[in-house]
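Engineer: My structure is below; once you've seen it, I'll send some questions.
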Amino acid sequence: MARRPLQVALVTVTTAVALVPLILAAPGLAAASPASPASPASPASPAAALGPAGPWHCSAGAHTLAQPGSRMYPETGNGGYISLHTVVHLVYDARANRFARGNHVILTDRATQCLTSFSLDLERRSADTTAGPDLTVGAVTVNGRPASFRFVQPTYPGDPRGQNDPSPLAHEASQLNPVGGPLHNPLPPACTPELTSTSAARQNSENGTQCPANKLVITPRKAIPGGSRFTVSVSYTGRPGVHHDGDGTTEGWFRSSDGGFVTTEPVGTEDWMPLNDYPAAKPTYDFYDTVGAGETAVANGVLDSRTALRPDAQFPRGSVTWHWHSRAPIASYLVEDSIGKYHLTERTAAGGIRYYEAQDTSISAKQQQLNLAIMDRQEDITRFESQFSGPFPFTSDGVIIGTPPASFEEEMQTMIAFADGVIDTDTLYHENMHQWWGDHVSESGYAMTFYKEGLATLGEFLYAARRAQTAAGGPGTAAGRAAFQASLVHQFNALYASGSGFWAAAPSNPTPYDLFNEDPTYARPGITYIALRQILGAGNFSRALRQIQRQYGGRSITEPELEAAFRQWLPNPSAACGAQLSRFFAQWFDTAYPRGGGTSRPAITGPGLAGPGFYDVAGCTRG
Ligand SMILES: [Zn+2]
């Protein structure tokens, strides 16, 4: 994701969402009654996962994939199964901005335990009553048989009293752990609050409020055996919309003049479809979008077919079903599915990669020409970034430019979304770099956002270095290569000199409000990778990146796994250098420093950079 420099004005919310706790009970009463043996087991309890009587014991799947104590969107993700494949069948009335009868998704999952029930994420109504969703679930089936369903509030991850804890305190929103708020709730948060203002002064204003009931809990007629594949079909209709996230910006399904435009990071996908809404949950996808004749559906992967349908009651002028297919798994926030009057072209490059370009036809002809000149550079950018990150991981790549003024551009997998009718080259380098970093190798959770934003920021630094190289004579010249290197060193040194609050937040420990802050999530990890390139050497740095792509591609990576992968490519493999690299990561990724810079910043840098460097005469003896 790349933030726009100016935030758009946010709508005023006039009506709060009605929030109903699972079971209304006074906290004191609830505390006196321990969870009964019949209540669903805690997801945090290993005994519950296997069951007291062995693996044949059945229980409810966890309603979260977040770790106990997490303050980063702890309401998202669902356990007890793995998401394998999702078929999206949108039936979309673009004029009314509504999903019509027949609209449904079919999710194929594999149970990792015997399941009495399991959950999905779906926000039917958000804090935004105007542009937010207004969705209704009509029916749910499991393996083709009707299943019962209900919406419940999330519970804080690891609640020892189970995820149906009767205490309202177990279902409260907060930016912080513990929740705090007016009642000084000592428990961890169950969800991240929806902020309707981007003001820093308002970031804790919703702490202690009740979380909305966005967990769609599905109970099949018979328990689902552990290890088995099962399919879930959810039929739903109504208006898709946007969500206000933990920093007050909006994401999800944006209304355009002629349809909808989708950018969703971090959690807005559940505002237009039910899913396992967590970055590490990565099913493959098929999209069968039925839209009015003359309208275009733009999704991830490759366009497989377009089928014209006769006029019917829903589409009196006829309709078209667009089939897009992604054989690559897609993380929750990277699912693209925009519908409207888009001009779409496709072209297969020499290397076999298919490139798509889509623009909303309501963008002026002049601007469309300017946009096209930049979109046409995507193949060249992909080739350039492949030199560092390794072979492009997907069979297609593309850009969609929509008109709504969303507050950010986003690296939707193989279909990068640009908002507000405009694209720019620097941001295209950033989002295209994400195709390797974030998309192919996803972050294991929201707190790892810095990992992929840092590498995408490195993509921008590499673009600046490329420009310097071209100006100095090109990549084939010694002067060009020197200019490339000098540009990266200059970039590092300029940001390493930062003072004030630049070092004040640890990149790996964000709050929802700070998740997309420039300094800790973009710039600081961005120059961390420049330092790593100096420590490992340019060749080994790229070898490490390629190894991570091979080892974790199609999946997600944790911070220890990321650091271990770089450690393997230290030119000096001594224990002392390995320990030095661990200290380097702890300083750069995990440490919050007092404001000011100077001595209040990472002390370990890299060879040839400002700061004390990494190696000494003996190798890595410095403590
Ligand atoms: Zn980004």
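Engineer: With the condition kept exactly as written, say whether any residue in region 359-374 is within 16 Å of the ligand (Cβ to nearest atom) and out of contact with any Ser or Thr (no Cβ under 7 Å at 6 or more places or on another chain).
Structural biologist: In the first step, residues of region 359-374 are kept if they are within 16 Å of the ligand (Cβ to nearest atom); the result is none.
Among the residues of region 359-374, not one is within 16 Å of the ligand (Cβ to nearest atom) and out of contact with any Ser or Thr (no Cβ under 7 Å at 6 or more places or on another chain), which makes the answer no.
Engineer: Name every residue in region 444-471 that is surrounded by fewer than 24 Cβ atoms within 10 Å (Cβ to Cβ) and acidic (Asp, Glu), in order of residue number.
Structural biologist: Within region 444-471, Glu460 is the sole residue that qualifies.
Engineer: While we're here: Select, from Thr237, Thr198, the only residue that is of a type in the set (Val, Ile, Thr) and in a strand (DSSP E or B). Explain how you work it out, then say what you get.
Structural biologist: Working: Thr198 fails: in a strand (DSSP E or B).
Going through Thr237, Thr198 in turn, just one is of a type in the set (Val, Ile, Thr) and in a strand (DSSP E or B): Thr237.
Engineer: Then there's this: Specify the residue that is surrounded by the fewest Cβ atoms within 10 Å (Cβ to Cβ); the eligible residues are those in region 63-92 that are within 16 Å of Ser444 (Cβ to Cβ) and of a type in the set (A, V, I, L, M).
Structural biologist: Looking at the filtered set, the residue picked out is Ile82.
Engineer: Being in a loop (DSSP other than H, G, I, E, B) and either among the polar types (S, T, N, Q) or more than 24 Å from the chain's Cα centre (by Cα) (or both) is the filter here; which residues of region 549-591 pass it? Break it down stepwise before answering.
Structural biologist: Filtering region 549-591 for residues in a loop (DSSP other than H, G, I, E, B) gives 553-554, 558, 568-574, 590-591.
Scanning region 549-591 gives Thr558, Gln568, Trp569, Leu570, Pro571, Asn572, Pro573, Ser574, Thr591.
Engineer: Same structure again: Within the bounds of region 263-275, is there any residue that is in contact with a Lys or Arg (Cβ under 8 Å, 6 or more places away or on another chain), assigned to a strand (DSSP E or B) and under 28 Å from Ser83 (Cβ atoms)?
Structural biologist: The answer is no, given that none of the residues of region 263-275 is in contact with a Lys or Arg (Cβ under 8 Å, 6 or more places away or on another chain), assigned to a strand (DSSP E or B) and under 28 Å from Ser83 (Cβ atoms).
Engineer: Something else: Those residues that are small (Gly, Ala, Ser) and surrounded by fewer than 24 Cβ atoms within 10 Å (Cβ to Cβ), I need them from region 225-259; list them, please. Outline the logic, then answer.
Structural biologist: Pass one, region 225-259, residues small (Gly, Ala, Ser): 226-228, 233, 235, 238, 241, 246, 248, 252, 256-257, 259.
Within region 225-259, Gly226, Gly227, Ser228, Ser233, Ser235, Gly238, Gly248, Ser256, Ser257 qualify.
Engineer: Residues being without any contact (Cβ under 8 Å) to a residue 60 or more places away in the chain and within 12 Å of the chain's Cα centre (by Cα): count how many of those fall in region 435-460. Steps first, please.
Structural biologist: Residues of region 435-460 that are without any contact (Cβ under 8 Å) to a residue 60 or more places away in the chain, as a first pass: 435, 437, 452.
Subset that is within 12 Å of the chain's Cα centre (by Cα): 437, 452.
Residues in region 435-460 being without any contact (Cβ under 8 Å) to a residue 60 or more places away in the chain and within 12 Å of the chain's Cα centre (by Cα): 2 in total.
Engineer: Go through region 353-367 and give me each residue that's surrounded by fewer than 19 Cβ atoms within 10 Å (Cβ to Cβ) and either within 28 Å of Ala465 (Cα to Cα) or among the polar types (S, T, N, Q) (or both).
Structural biologist: Matches in region 353-367: Arg354, Thr361, Ser362, Ser364, Gln367.
Engineer: Oh, and also: If I filter region 497-513 down to residues being under 27 Å from His243 (Cβ atoms) and in contact with a Gly (Cβ under 9 Å, 6 or more places away or on another chain), which single residue comes out as nearest to the ligand (Cβ to nearest atom)?
Structural biologist: So the first thing to find is which residues in region 497-513 are under 27 Å from His243 (Cβ atoms), and the list is 505-513.
Now drop any that are not in contact with a Gly (Cβ under 9 Å, 6 or more places away or on another chain), which leaves 507, 511-513.
Working: Pro507: 14, Thr511: 18, Pro512: 17, Tyr513: 18 Å.
By that ranking, first place goes to Pro507.
Engineer: Continuing with this model, one more query. Can you find, within region 276-294, the residue that is surrounded by the most Cβ atoms within 10 Å (Cβ to Cβ) among those that are assigned to a loop (DSSP other than H, G, I, E, B) and touching a strand residue (DSSP E or B) at 6+ places or on another chain (Cβ under 7 Å)? Reasoning before the result, please.
Structural biologist: Taking region 276-294 first, the residues assigned to a loop (DSSP other than H, G, I, E, B) are 276-283, 293-294.
If we keep only those that are touching a strand residue (DSSP E or B) at 6+ places or on another chain (Cβ under 7 Å) as well, we get 276-277, 279-283, 293.
Working: Asn276: 26, Asp277: 28, Pro279: 26, Ala280: 19, Ala281: 24, Lys282: 24, Pro283: 21, Ala293: 13.
Top of the filtered list is Asp277.
Engineer: Another one. What about Arg306, is it loosely packed, with under 14 Cβ neighbours inside 10 Å, not aromatic (Phe, Trp, Tyr) and not in a loop (DSSP other than H, G, I, E, B)? Quick ask: steps written out before the conclusion?
Structural biologist: Details: loosely packed, with under 14 Cβ neighbours inside 10 Å: yes; not aromatic (Phe, Trp, Tyr): yes; not in a loop (DSSP other than H, G, I, E, B): yes.
Spelling it out, Arg306 is indeed loosely packed, with under 14 Cβ neighbours inside 10 Å, not aromatic (Phe, Trp, Tyr) and not in a loop (DSSP other than H, G, I, E, B).
Engineer: Quick check on Asn177: is it surrounded by fewer than 20 Cβ atoms within 10 Å (Cβ to Cβ), under 22 Å from the mean Cα position of the chain (by Cα) and not small (Gly, Ala, Ser)?
Structural biologist: On the way: surrounded by fewer than 20 Cβ atoms within 10 Å (Cβ to Cβ): yes; under 22 Å from the mean Cα position of the chain (by Cα): yes; not small (Gly, Ala, Ser): yes.
Spelling it out, Asn177 is indeed surrounded by fewer than 20 Cβ atoms within 10 Å (Cβ to Cβ), under 22 Å from the mean Cα position of the chain (by Cα) and not small (Gly, Ala, Ser).
Engineer: Check off (1) within 16 Å of the ligand (Cβ to nearest atom); (2) in a helix (DSSP H, G or I) for Asn493 and give me the number that stays unchecked.
Structural biologist: All conditions are met except number (1).
Engineer: Give the number of residues within region 605-617 that are free of Cβ contacts under 8 Å to residues at least 40 places away in the same chain and part of a loop (DSSP other than H, G, I, E, B).
Structural biologist: Applying the first criterion (free of Cβ contacts under 8 Å to residues at least 40 places away in the same chain) to region 605-617 yields 612-613, 616-617.
Next cut, part of a loop (DSSP other than H, G, I, E, B) only: 612-613, 617.
Residues flagged as free of Cβ contacts under 8 Å to residues at least 40 places away in the same chain and part of a loop (DSSP other than H, G, I, E, B) within region 605-617 amount to 3.
Engineer: Say we look at region 433-468 and pick out the residues that are over 17 Å from Thr264 (Cα atoms) and in contact with a strand residue (DSSP E or B) (Cβ under 7 Å, 6 or more places away or on another chain); which of these is nearest to the ligand (Cβ to nearest atom)?
Structural biologist: Ala456
Engineer: Moving on. Can you name every residue in region 409-425 that is away from the ligand (no atom under 12 Å from the Cβ) and not aliphatic (A, V, I, L, M)?
Structural biologist: First, pick out the residues of region 409-425 that are away from the ligand (no atom under 12 Å from the Cβ): 413-415, 418-425.
Once the filter is applied, which keeps residues that are away from the ligand (no atom under 12 Å from the Cβ) and not aliphatic (A, V, I, L, M), region 409-425 yields Gln413, Thr414, Phe418, Asp420, Gly421, Asp424, Thr425.
Any read-out appearing in this document is the output of simple, stated calculations on the displayed coordinates, not a laboratory observation. Predicted model, so just to flag it, every value in this text is computed and none were measured. Don't worry about glycine lacking a Cβ; one is built from the backbone with ideal geometry, like all the others, and counts go over all protein chains shown.
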